[in-house]
1. Exactly one condition in (1) touching a residue at least 24 places away in the same chain (Cβ under 8 Å); (2) surrounded by 15 or more Cβ atoms within 10 Å (Cβ to Cβ); (3) aliphatic (A, V, I, L, M) is false for L264; which is it?
2. Just wondering, is there one or more residues in the stretch 168-189 that are under 17 Å from the mean Cα position of the chain (by Cα), crowded, with 17+ Cβ neighbours inside 10 Å and either assigned to a strand (DSSP E or B) or of a type in the set (A, V, I, L, M) (or both)?
3. Among what's in the stretch 261-273 and is assigned to a helix (DSSP H, G or I) and modelled with pLDDT of 85 or more, pick the residue that is nearest to S283 (Cα to Cα).
4. Six or more apart or on different chains, Cβ under 7 Å: which pairs go from a residue in the stretch 164-179 that's within 15 Å of Q195 (Cβ to Cβ) to one that's acidic (D, E)? Could you list them?
5. Of all residues being closer than 18 Å to A397 by Cα, surrounded by 15 or more Cβ atoms within 10 Å (Cβ to Cβ) and not aromatic (F, W, Y) in the stretch 284-317, which is modelled with the lowest pLDDT? Just the residue, please.
6. Name the residue, out of V230, V210, that is surrounded by 21 or more Cβ atoms within 10 Å (Cβ to Cβ) and under 26 Å from P334 (Cα atoms).
7. Identify, from the list D240, D257, D219, the residue that is surrounded by 12 or more Cβ atoms within 10 Å (Cβ to Cβ), more than 28 Å from P334 (Cβ to Cβ) and out of contact with any Pro (no Cβ under 9 Å at 6 or more places or on another chain).
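The values are calculated or read from the model by the stated rules, or taken from the named source; none is laboratory data. Model, not experiment: these values are computed from the prediction. Cβ placement follows ideal geometry from the backbone for every residue including glycine, while neighbour counts extend to all protein chains displayed. For accessibility, only protein heavy atoms count, side chains too; no ligands or nucleic acids. Shrake-Rupley method; radii C 1.70, N 1.55, O 1.52, S 1.80 Å.
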Amino acid sequence: MKKIPLLHILVYSFLTLIYSLLCIWFEYYLMLFGVLPILLYFLSLNYIKSVFKKIRIPLFLRIIFESVAVIFTALVITLAIRTLFIEAYKIPTPSMEKSLLVGDYLFVSKLSYGPKLPNTPLSIPFIPKMLPNGKLSYSRRFEFPYKRLKGLREVKRNDVIVFNFPEGDTVVVQYPGQNYYSLIRQFGRDYLHSQYSFVSHPVDKRDTYVKRCIGIPGDSIMIRNADVYVNGKRIDELPDQEYKYYVKTKSGQLNGDSLNKLGLDDMDFQYNLSGSMYIMNLSMEMAEKLAKWPEVQSIQRYTETLISFKNNEIFPHSKLYQWSADEFGPLWVPQRGSRIEINRGNLPLYQRIIEVYEKNMLHIQGDSIYINGKLASSYTFKMNYYFVLGDNRHNSADSRFWGFVPEDHLVGRAFLIWFSIDPEKGFKGVRLNRIFKLIN
């Protein structure tokens, strides 16, 4: 019997260690027996090589085989990194300005909260989930249940998190960028379903959002006059956090270049000529600077009051809760294992969780609530949930509009801006001061 080369022993030991650690991390302990086939392969490697030497393979076939092997290996490694460790994400909307800007490219850590294994393994990687012709790039013929591997830590308040959009389970094919449930509230289910076609996406194929986590499981959230309170304590504003302001000038418009130097883009403000009034998205620091301009007569932060109008888009979309984006709550954030009493009064707050996210059959008959066919006066939550807000408070579709983020929708924690460019300016708009900037 030939002596096994030392290199083969070292490679086998390394691969066995990596394979075993992955099996333990995935909690697939029976797959630890897979080290035996790996051992048999390395023991027979010399024999396999000698057989291949006897077979004369044309040069062009060897080149094709080696090229395919390299491409396949690179693809597997890339997918493994994206799934288990880190993924890139681009900021598409201004909902997090000025903390995160449109055109920021982020790195999202999957390890922070634990990598989530894909629900739909039968999919074509690196292409959109829905093609221009309406066809899907994945199949739901075979789906995995929700499983998350162990992470480095739990979600903390003020983490900037990336998640699959909770209300993205149904999409209008003709209007993929519109919220299906918002369209239902505007036009009615019967009209929408008679005019358009729809597609249902599993959790891992829904659009990804990025917001700041304000409430973790067990917290109580309340917003008064646009100030946010967590467990009865007002949270401090972030340096780059933006609100909508009314800015009245003494006469005419302000200098455009001066506004740009202040940090405002053309899309950050609107001007009403008749009232010499601007509507601007400003951070607290920007508002303080602008208030000192001699051309400015007054500056006042906008607040959406309960009296002004009733916003049907505010969660939980019930007549029992006439909240606004700036006058919201109190709202308790569900925690796994916590048991609450349920009735017709508080059911609108948690109905989607019970029915959709935790997949129960819910039926209401008079004042009675039935869950899975049984009369229920209480409910125990199966998952943790989170309450998120955009830093651009008056220009963000967040938990105030569609409710909680379930834990099985979490993708990861945004931690680094690796590149940034103003999409309106092309390559001239590269923001060098934001490249490799940590996200706070």
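1. All conditions are met except number (1).
2. Yes.
3. Going residue by residue through the stretch 261-273, those that are assigned to a helix (DSSP H, G or I) are 261-262, 266-268.
Filter once more, so that each one left must be modelled with pLDDT of 85 or more: 261-262.
Numbers: K261: 14, L262: 11 Å.
By that ranking, first place goes to L262.
4. Pairs that qualify, where the first residue is within 15 Å of Q195 (Cβ to Cβ) and the partner is acidic (D, E): there are none.
5. Filtering first and then ranking leaves N311.
6. None of the others qualify; the one that does is V210.
7. Details: D257 fails: surrounded by 12 or more Cβ atoms within 10 Å (Cβ to Cβ); D219 fails: more than 28 Å from P334 (Cβ to Cβ).
One residue alone meets the criteria, D240.
Here's the yes/no breakdown for (1) within 21 Å of L183 (Cα to Cα); (2) open to solvent by less than 20 Å² (accessible area, probe 1.4 Å); (3) not small (G, A, S):
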site: Q270; (1), (2), (3): no, no, yes
site: L282; (1), (2), (3): no, yes, yes
site: P330; (1), (2), (3): no, no, yes
site: G337; (1), (2), (3): no, no, no
site: L347; (1), (2), (3): no, yes, yes
